[in-house]
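**Q** Just dropping this structure here.
What follows is calculated from the coordinates using simple rules that are stated; it is not laboratory data. Quick caveat: nothing in here was measured; it's all calculated off a predicted structure. Counting neighbours? That spans all protein chains shown, and the Cβs are built from the backbone with ideal geometry, glycine included.
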Amino acid sequence: MLAVEREDEDGPRWAVMSTALGRARLRVHPRCASPALGAQSIELDVDERLELGGNAQRTDERSPRWTQHDDAIEWIGSVEEVEDEGLVYLRLAPDCLVTIEAAPDAFVAGEWLHLALRARSVTVCAFGV
């Protein structure tokens, strides 16, 4: 569950989101209506493929995190499940599960990852829209 604090008007549609893990300024997905202000369920779309040694590193850190620095978003979370096709389900919080494409057999359930993603590759959409 995220709280949408405001929508910025510059360029593409942006929403400032806050969670128990941190704050981020995310681009609203072009096919979606902007999420409404206030607490709500949202969908995150990550337009990057996880590459171990690139945008994904294994970590010993066991505290989920969500931070944003300029044009980069960093997440630390646990891999909850990996599908045969390479989809990784990353648990960031009890109410936040993110699905990200990855190479098959690159990751295993139970390990913790530190992701460094381009902020423009992460978009937000109102849940179910």
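**Q** Sorted by mean Cβ packing within 10 Å, highest first, what order do the peptides 20-29, 54-63 take?
**A** The packing order, highest mean first, is 20-29, 54-63.
**Q** Rounded, prolate or oblate for region 2-126? Axes are the square roots of the Cα gyration tensor eigenvalues, ordered a ≥ b ≥ c, and the cut-off for rounded is a/c under 1.5.
**A** Numbers: a/c = 1.85, a/b = 1.70, b/c = 1.09.
Verdict is prolate for region 2-126.
**Q** Let me ask something else. Counting pairs of alpha carbon atoms under 8 Å apart in space and at least six apart in sequence, what relative contact order in percent does region 2-126 give? Walk me through the numbers on the way to the answer.
**A** On the way: 303 pairs, mean separation 36.6, N = 125.
Dividing the mean separation by the residue count of region 2-126 yields 29 percent.
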